[in-house]
Structure formats: C-alpha cells, structure tokens
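Just so it is clear, none of the values below were taken in a lab; they were calculated from the coordinates. Just so you know, these numbers come straight off a predicted model, no measurement behind them. Positions of Cβ are backbone-derived with ideal geometry, glycine not excepted, and every protein chain shown enters the neighbour counts.
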Amino acid sequence: MIQFDSFQLDNGLQVIVHPDFSTPMAVVNVMYDVGARDEDPARTGFAHLFEHLMFGGSLHIPEYDEPLQMAGGENNAYTTNDLTNYYIQLPAENLETAFWLESDRMLSLAFSPESLEVQRKVVCEEFKEHYINKPYGDVWQHMRKLSYTTHPYQWMTIGKELSHIENATLDDVKAFFFKHYTPANAILVVAGPVTVPQVKELARKWFGDIPSGQRYRRNLPQEPAQQAARVLDMEANVPLDAFYKTWHNGGRLDASYHATDLITEILGSGASSRLYQRLVKEKRLFSNIECYHFGSIDPGLVTIEGKLVKGITMQEVEAAVNEEVEKLVAEGVDEKELQKAKNKTESLIAFEDMSLMNRANNLAFYALLGNAADMNTELEKYQAVSSRALQQTAAAIFDPRNSNTMHYFARS
C-alpha cells in the first residue's frame with residue numbers, strides 16, 4: 001500500500017506527498033496533462049519539442065542543469081501521446097532547489113530564437129537518426145496511419161513529419177506553452193523523507209503565485225469502430241522481412257484493460273509465452289516475436305510483431321499468427337496459465353514499486369487518470385479477471401475486421 005496525502009493550491013496545481021524516510025533522496029515529479037494527441041494536425045511534434053525546450057533555461061535560471069548538479073541532483077523527462085513528465089532526484093536537504101527550478105520554468109520559460117533553434121536541431125536530428133535512417137525506424141509512422149483514420153494517435157510523439165518541427169515559429173511555441181504548461185494543467189508529486197507541512201510551505205512559496213491558466217478540456221475526434229481489415233505492403237532496406245499486426249482495444253480506464261494486459265502477457269511477453277514457444281522455438285518461423293499493447297489513455301492498439309526467419313514466407317507467418325489468436329479466442333486459457341500471468345504481473349508491480357521515482361511517477365499518472373488512490377487497487381483488478389472475461393475480451397479485440405496488417409519486406 002503506497003501511502004500519500006494530497007492537496008490543491010488556489011491556482012489549481014494538484015500536489016501529492018508520498019513520505020518515505022528509508023532514503024536520504026527526494027523526488028520531485030511534475031506531470032503536465034498534454035501529449036502528442038493534443039497537437040494541431042498541421043503542427044505535430046510540439047509536445048516532444050517542449051520536453052527539450054523546458055531544459056533550455058528560464059528567466060532567472062539560464063542553465064537548468066548547473067544548479068541542479070551543484071545540489072547533487074539529476075533529472076530527466078519523457079513525452080508520450082498522452083502526457084509529458086519531468087522528474088528530479090536529489091538529496092532531500094536540497095529539496096528547495098527542485099522547487100525553485102520547476103516553478104521558474106513553469107512561470108517564465110525563456111523563449112528565444114536561439115533556444116528554439118538549438119532544440120529544433122536536436123529534435124530534427126533525433127527524427128532523422130531514429131525514424132528515417134534507422135532500419136525499421138519508419139514502421140510506426142506507417143502502422144499508426146494504417147490503424148487510425150481519425151484520432152490523433154495516428155502520429156507518433158516525435159511528430160507526423162519532419163517539416164512540422166523545421167517550420168515551427170516562436171509564436172507557435174509560445175501559444176502551445178501558455179495553453180498547456182499551467183498550474184491548472186499540472187500535477188506535482190514530492191516523494192522521499194518529507195512531510196506534508198513542509199511540502200505545503202514550499203509549494204505555496206514557489207508555485208502559489210503562478211497564474212492558474214485555463215484547465216485544458218479535450219474534445220478530440222474519436223476513432224470510429226473499424227469495420228474492415230486493412231493491409232499494407234512495404235519494402236525497405238532492412239536485413240529481414242518483418243510482420244506487424246494491430247487490433248484496436250479499449251482505453252486505460254476501460255473495464256477490459258486488465259484482461260487485455262493479461263492477454264498480451266500470455267500471448268507474447270517473453271520466452272515462455274505462447275507465440276514465442278510455438279512460432280519461434282517449435283515452428284521456427286520467426287527469429288523473435290512479441291505481443292504488447294500501448295497502454296494509452298484513449299482506446300489504443302494490441303500489437304503482434306516479429307522478424308521472419310530467412311526463407312519463410314509472409315503467408316506462412318500470417319497464417320500461424322492468426323491460428324494462435326483464433327485458438328485463444330476459441331479455447332481461452334486454463335486457470336494455471338491465467339494465474340501464471342497474474343503472478344508475473346504482481347512481481348512486476350512489486351518490483352516497480354521498489355523505486356521511489358517510479359512511485360512518484362505512478363502517483364502522478366493515476367492522479368491524471370482521475371484518482372491517485374487507484375494505484376493501490378491495480379493488483380486487485382488483475383486478480384479479479386476470470387478466464388471467461390479474458391476470453392470475451394480476446395474475442396472482442398481479435399475480430400478480423402478490427403485488424404491492421406503490415407508486411408514489411410526486405411528489399412532484394
């Protein structure tokens with residue numbers, strides 16, 4: 001059970017305090033309720049660009065990293081299609097340094113043509129290195145476009161195309177910041193050897209006077225139910241043919257979420273999974289294969305992907321994957337296999353909760369979903385999944401009309 005307290009400042013900033021006196025280190029985590037799904041379709045990649053710009057200095061702190069390093073701290077950030085998260089770990093006696101750093105860039109990020117140009121180059125190089133020039137790097141650009149016709153999940157966090165970042169103006173960047181990077185749109189989590197009165201005092205001192213801003217309310221176009229299978233054939237300079245298949249599934253708060261997670265665990269998580277045992281070890285069709293889901297807040301994707309063994313045809317692997325999926329839908333799983341998946345999930349949750357940083361991050365995420373206390377009931381929800389519920393969820397997901405398949409051929 002993760003213990004925490006929470007309160008809200010007058011400007012709308014949610015604050016969560018997780019005391020842990022077993023460590024001398026503290027974590028300060030700021031999560032903003034903005035991700036790639038919130039971008040203008042003609043200006044994508046901005047959420048990720050901001051992850052970089054936020055380290056470019058603020059009005060009173062030209063170099064973000066320097067004072068943090070002097071305080072013995074380290075920091076990082078990540079962006080997803082759903083959210084943007086910044087976190088600092090430092091000795092608890094220097095906790096106020098983290099409040100100073102995070103509040104100054106929330107209030108007065110330094111917008112300059114020079115900073116934008118530096119970070120633009122960094123992001124453009126990342127785009128080229130990982131998504132244009134890297135083998136298989138363009139897979140999800142194509143798969144997202146194939147799988148989504150309407151919802152903004154149709155583009156990756158890095159952006160829909162390189163030109164959107166190349167052409168970003170300072171006015172574009174400022175508008176995005178003032179719309180999303182506000183106290184009303186943020187969650188602050190402080191974890192470590194701290195007390196609620198201490199955090200209240202620091203939060204009011206450093207964040208209390210920042211103007212609230214408008215709470216961002218989403219009105220995103222929803223993806224219609226898919227009525228027919230889609231197939232895309234691609235050729236690229238890659239060493240091996242690859243197979244990718246997605247199916248739409250419910251969002252993070254959907255009743256089917258935990259059953260979906262267990263399905264992907266059983267089908268394709270690790271060397272003991274069904275797909276690996278049957279299609280890699282026994283039939284030797286794939287050199288590797290996995291099944292996973294995106295865990296996205298809005299309805300997402302269950303995915304099976306793998307690299308083919310040389311000499312094996314795409315028709316062979318597609319038939320074999322479909323056979324395994326159909327078998328799960330027709331026969332379900334027995335109690336032993338289901339319990340094994342639940343046990344592994346329990347171990348993963350327990351291992352993750354050992355890290356103070358992970359606990360802080362998860363508290364922010366569950367608060368973003370609606371209730372930080374739900375972090376403490378996750379395991380119960382997994383344990384409550386019955387074999388019947390799992391089979392029903394599999395049948396709903398693995399409807400052939402709900403599928404998107406890409407045959408990714410190595411250019412000969």
Label-zone membership for the range 355-392, site MET1, 7 angstrom Cα→C-beta point, backbone N under 12 Å: 376-377
The range 180-196 residues near the modelled TYR216 label - backbone nitrogen below 19 Å, point 7 Å along Cα→Cβ: 180-189
Karplus (6.51, -1.76, 1.60) ³J(HN,Hα), θ = phi - 60°, over the range 216-233, in Hz, Gly and Pro reported as x: 6, 10, 7, 9, 7, x, 8, 6, x, 4, 6, 10, 8, 5, 10, 9, 9, 9
Nonlocal amide H pairs with GLY208, under 5 Å, H built at 1.01 Å: none
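Could you calculate the FRET efficiency of GLU125 with GLU282 from 1/(1 + (r/R0)^6), where r is the beta carbon distance between them and R0 is 41 Å, rounded to 0.05? Write down the numbers at each step before the final one.
Details: r = 43 Å, r/R0 = 1.05.
According to the calculation, E is roughly 0.45.
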Cα-only radius of gyration and Dmax that characterise the range 280-412, units Å: 18.1, 54
The range 69-113: translational diffusion in µm²/s, Stokes-Einstein, Kirkwood Rh over Cα pairs, 37 °C, 0.692 mPa s: 274 µm²/s
Per-selection metrics, the range 128-275 (Cα): Rg and Dmax in Å: 21.5, 60
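What FRET efficiency comes out for the pair SER355/LEU253, r = Cβ-Cβ distance, R0 = 22 Å, nearest 0.05?
On the way: r = 25 Å, r/R0 = 1.12.
Here the calculated transfer efficiency is 0.35.
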Relative contact order %, the chain, counting alpha carbon pairs below 8 Å whose residues are six or more apart: 22 percent
J(HN,Hα) series, the range 17-27, from Karplus relation 6.51 cos²θ - 1.76 cosθ + 1.60, nearest Hz, glycine and proline x: 10, 10, x, 8, 8, 8, 9, x, 9, 10, 10
Rounded FRET efficiency, nearest 0.05, which uses the C-beta distance separating ARG204 from GLU380 and R0 of 35 Å: 0.50
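Note the direction-averaged projected area, equal to a quarter of the hull surface, for the Cα convex hull of the chain, in nm². If you can, show how the numbers build up before the last one.
On the way: hull surface 82.0 nm².
If you wrap the Cα atoms of the chain in a convex hull and average its projections, you get 20.5 nm².
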Gained length - ASN343 relative to GLN227, 0.36 nm times residue gap less alpha-carbon distance: 38.2 nm
Lysine pairs within the range 5-207, Cα separation less than 26 Å, 8 or more sequence positions apart or different chains: 16
Isotropic mean projected area of the C-alpha convex hull, the range 5-207 (nm²): 12.3 nm²
Fully extended contour minus Cα-Cα distance, from ASN94 to TYR292, at 0.36 nm per residue: 67.3 nm
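Using the Kirkwood radius over Cα pairs, work out the Stokes-Einstein diffusion coefficient for the range 241-285 at 25 °C and 0.890 mPa s, in µm²/s as a whole number. The partial results should precede the final answer.
Details: Rh = 12.0 Å.
The Stokes-Einstein estimate is 204 µm²/s.
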Given charges at Cβ of Lys, Arg, Asp, Glu: the chain dipole, positive-most of SER108, MET70, TRP155: TRP155
Positive-end residue, the chain charge dipole about Cα centroid, Cβ charges, pick of PRO41, SER347, THR393: THR393
